[in-house]
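Peer 1: Have a look at the structure that comes next, please.
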Amino acid sequence: MNNIIWANSAPTGSQIYLYSGSSSFTCTYSDIQDGWGGVGNIDVDPLFVDPLNSDFHLQSASPCIDAGNPDPQYNDPEDPANPGFALYPAMGTIVNDMGAYGGQGVLGWVGVSEKPAIKKYPESYMLFQNYPNPFNPKTAISYQLQAASYVELTVYDIAGREVASLVNGYMSSGCRAGSILPG
């Protein structure tokens with residue numbers, strides 16, 4: 001209730017994705033991009049102040065202002081200096097706004113922030129150039145993995161003899177390890 005669900009990504013389709021076999025989901029008095037059935041729901045750009053810089057306050061022309069659940073128990077806190085109007089950061093009258101800045105508890109709201117970017121991994125493994133090169137008596141070798149997998153990293157000399165076994169085991173994705181070779 002009283003949510004703004006906008007510009008997110010679901011595995012398929014709408015902003016809300018229900019896994020197969022999950023029970024029902026009810027959402028009311030919310031602004032949901034691509035729409036969602038429910039009392040008081042809308043599908044209109046919420047007009048955030050500056051979403052690219054994580055400012056999710058509503059602009060004064062936002063359709064989400066005074067569009068939340070109209071039951072008085074959810075009213076925005078009233079501005080004592082301006083009776084009938086909401087105390088900032090809520091906006092409009094005391095009728096609840098949709099989103100994080102309206103309704104009861106607005107003074108103790110939990111901040112809204114963007115989900116941290118998902119680390120991007122290479123499309124396959126990467127083995128980086130050793131450093132220093134040439135080396136004597138030691139060098140560092142690093143690698144990176146797209147997915148968790150078994151890794152075996154062995155160094156051979158020019159005659160094909162094994163010099164060192166640096167890694168031999170299961171490593172997590174994104175792992176970047178440096179190993180030192182004796183000279």
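The values are calculated or read from the model by the stated rules, or taken from the named source; none is laboratory data. Model, not experiment: these values are computed from the prediction. Using ideal geometry, Cβ is built from the backbone for each residue, glycine included, and neighbour counts are taken over all protein chains shown.
Peer 1: Within segment 81-96, how many residues are at pLDDT 90 or above, farther than 21 Å from D45 by Cβ and in a loop (DSSP other than H, G, I, E, B)?
Peer 2: Count: 5.
Peer 1: Another one. For segment 129-150, which residues satisfy the criterion of being under 33 Å from the mean Cα position of the chain (by Cα) and in a strand (DSSP E or B)?
Peer 2: I141, S142, Y143, Q144, S149, Y150, listed by residue number.
Peer 1: Got a number for residues in segment 51-65 being over 9 Å from M98 (Cβ atoms) and touching a residue at least 24 places away in the same chain (Cβ under 8 Å)? Outline the logic, then answer.
Peer 2: From segment 51-65, those over 9 Å from M98 (Cβ atoms) are 51-57, 59-61; that's our starting set.
Remaining after also requiring touching a residue at least 24 places away in the same chain (Cβ under 8 Å): 51, 54, 56-57, 60.
Qualifying residue count for the region: 5.
Peer 1: Let me ask something additional. Within the group L166, L107, L145, which residue is among the hydrophobic types (A, V, I, L, M, F, W, C), in the same structural domain as F56 (by TED's automatic domain parsing) and modelled with pLDDT under 85? Break it down stepwise before answering.
Peer 2: Values: L166 fails: in the same structural domain as F56 (by TED's automatic domain parsing); L145 fails: in the same structural domain as F56 (by TED's automatic domain parsing).
Only one candidate qualifies: L107.
Peer 1: Residues to consider are S173, S124; find the one that is within 34 Å of the chain's Cα centre (by Cα) and either modelled with pLDDT of 80 or more or surrounded by fewer than 12 Cβ atoms within 10 Å (Cβ to Cβ) (or both).
Peer 2: Working: S173 fails: either modelled with pLDDT of 80 or more or surrounded by fewer than 12 Cβ atoms within 10 Å (Cβ to Cβ) (or both).
Checking each option against the conditions leaves just S124.
Peer 1: Kindly indicate which of K119, K138 is at pLDDT below 80, among the charged types (D, E, K, R) and under 30 Å from N8 (Cβ atoms). Write out each step before concluding.
Peer 2: Values: K138 fails: under 30 Å from N8 (Cβ atoms).
Of the residues listed, the single one that is at pLDDT below 80, among the charged types (D, E, K, R) and under 30 Å from N8 (Cβ atoms) is K119.
Peer 1: Go through segment 130-149 and report how many residues are exposed (fewer than 10 other Cβ atoms within 10 Å of the Cβ) and either within 16 Å of G174 (Cβ to Cβ) or polar (S, T, N, Q) (or both).
Peer 2: So the answer is 2.
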